[in-house]
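The values are calculated or read from the model by the stated rules, or taken from the named source; none is laboratory data. All of these numbers come straight from a predicted model, not from anything done at the bench. In case anyone asks, the SASA skips ligands and DNA or RNA and just uses the protein heavy atoms, side chains included. Shrake-Rupley method; radii C 1.70, N 1.55, O 1.52, S 1.80 Å.
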Amino acid sequence: MNIGTPVTVDWRVTESIEVSLDLGNQTVAKENRWDAIVEAYQKRGINVYERLWSDQQPRIDVHEHLREDQQLPNGVPSLVRYFEAKGFRFTKEQVAAFYAALKTKGFVILSGLSGTGKTKLAQLFAELLCPCSKCHKSKEETEGEMQAESQKQTEGECKTCTHLFLSVRPDWRDSKALLGYYNPLTGNYESTPLLRFLQQACEDYKNNKDKANPYFVILDEMNLAHVEYYFADFLSVLESGRDEEGWTKEALRLHSFSQSLRDQDGNEIPPTLPLPPNLYIIGTVNIDETTYMFSPKVLDRAFTLEFREVNFSNYPPEGVDEEEAMRIAEQIRGEILDDLRNGGKFCAMVADKNKVREALQNLGNKKAELEKLNGILQPYDLHFGYRVLDEIALFVQNAKEAPDVVGKLDEDEEKAKDKAPDKAPDKALDYAVLMKVLPKFHGPRQKLEKPLREVLKWAAEENVPDWVKDTSKPIGLEQVTEALRKWEQSDALQQAQQKAGQGADGQERQPVNAQQGQDNQTETTSDQATQVEAKGQSGASATKPFKGHFRYPNTAKKVLQMLRQLYETGFASFAQ
């Protein structure tokens, strides 16, 4: 190896240790990647290597500068880190959007690529908040308990668990599989695990109010059957409104008798059952030839979060660490529970007109942005109503006020400081439009091409390329594909990075020792130098990734993906 040749070194902390690198004595948490720590500092204009080898620089306050990390170096836990300790990696934005959507509506659909962890996200989150002791023990500890429990009660059910996992079957044609039915031969009501679970949630809320537990129903492979068939009763009841105590104004109708019946186990089954506010429904969706598409009625009543991005560079995770997961769970469970309970309102806040009015006022000039978007979509009959606007406003508020252990969908001040208020990016609003507006787009090219291009223009900055700005200008598959290819980095920047000795992902090579770190003091600014070189090669816009042209990049990227699908097949939908 030649002296001075850049070497990639993956520094990783494998145990929690005390370190002093002239940054202040800090506990570096287990599994924290060194390059992630360096990158977090660099985002705030702090050159870590310069601080390490210079006596002139003040010490760095880790707690102050690394609040956005998945796990802070001083050991502060987070929900993202909890998932990682369980062996699953999700981005901070995915977790924050999922939590804010669940708190806002109580009905979330997780869609996207198979095998990206949609089901595990729902299960692990529900298990984290579950009071059942077996949900917080290792597999070995619970095997004996589960065997003994299965002899006492129906298999798969636990009378203290606050989450229920249901695998949707293709033969579900009505609500009988979910809610049961009256059997005239036996004179009993044939109850189901879901019905017993709903009664348990109702009883908990009646008795404990603001101290009740949240209950989660997880519908796996939700679209293996027509959702509009087996879930129609729930959709109607969930949208019937809420009374002052949070109960749905309409109730599920279980049977036509005026008095309660008994089920096969002797439990009382009332004629109707209103739904409590502490009930949350999470559905997972995969799209292929064996599944059904969602109707606008379903999508309008849920938040739809898509999982399509994968990153093999950080895969596989470091493995399951149950001891670490239990430690983190104990630290974050109470704070998340308190926030999700929302003072006893749970997910019924959407029916509180005062809260909705407050959320709409907090939107400020972003409300005008939504009005503009709705005006753009109205000629194409793709606009949204008052309920969607209310839910977007509440989502934005919840996303920006989420607990630190969950993470906030708030834009960096550095990105917004030079922007006018009406032009500043808003990550929470970006996700809200992505999850509540775009899922209704479904149809052929003649129907969707123009409105999709109008949405792309709406999401763009002022210095956007001409073909985005001028929606009357004809484009095709080539422009859209090229935009997606250059989404993260321009060609010129990639070439300059390779020439400068950086990785394909733009990360700097880390020093293998202190001497190399001293040599790299000036190289830590190589990203800026690389951009200057790329700019000199290909013009001012060469260093700017296509993503940088948009205020709402998540919405814009999804629109581009749908346009690509439209030009390739003549048809597009949100759930590809």
For Arg357, Arg308, write out the residues from largest to smallest accessible area, computed with a 1.4 angstrom probe and no ligands counted.
Arg357, Arg308
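On a 1.4 Å probe surface of the protein chains, which of Lys450, Lys176, Lys436 comes out largest in accessible area, and what is the full order?
Values: Lys450 85, Lys176 110, Lys436 5 Å².
Largest to smallest exposure gives the sequence Lys176, Lys450, Lys436.
Cα-Cα over 19 Å: which of Lys450/Lys544; Lys105/Lys159; Lys486/Lys558; Lys105/Lys249; Lys206/Lys249; Lys120/Lys206? Intermediate values should be presented prior to the final figure.
Values: Lys450/Lys544 26 Å; Lys105/Lys159 26 Å; Lys486/Lys558 14 Å; Lys105/Lys249 16 Å; Lys206/Lys249 16 Å; Lys120/Lys206 30 Å.
The pairs that break the limit, which is 19 Å between Cα atoms, are Lys450/Lys544; Lys105/Lys159; Lys120/Lys206.
When only the heavy atoms of the protein chains count and the probe is 1.4 Å, how do Thr160, Thr284, Thr116 rank by accessible area, highest first? Don't skip to the answer; put the middle values down first.
On the way: Thr160 80, Thr284 5, Thr116 30 Å².
Largest to smallest exposure gives the sequence Thr160, Thr116, Thr284.
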I'd like the accessible area for Lys457: 1.4 Å probe, protein heavy atoms, all chains in place, Å² to the nearest 10.
90 Å²
Solvent accessible area, Å² - Tyr315, 1.4 Å probe, full protein context:
150 Å²
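If you count only protein heavy atoms with a 1.4 Å probe, what accessible area per residue comes out for the range 178-242, rounded to a whole Å²? Let's see the in-between values first.
On the way: 2400 Å² over 65 residues.
Dividing the accessible area of the range 178-242 by its residue count gives 37 Å².
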Taking a probe of 1.4 angstrom, what is the accessible area of Thr119 in Å², to the nearest 10?
30 Å²
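Could you tell me what fraction of 2.2 N^0.38 Å the Cα radius of gyration of the range 276-358 comes to, as a two-decimal ratio?
Ratio of Rg to 2.2 N^0.38 Å for the range 276-358: 1.57.
Determine the shape class of the range 346-414: with a ≥ b ≥ c the square roots of the Cα gyration tensor eigenvalues, call it rounded for a/c under 1.5, and otherwise prolate if a/b is greater than b/c, oblate otherwise.
oblate
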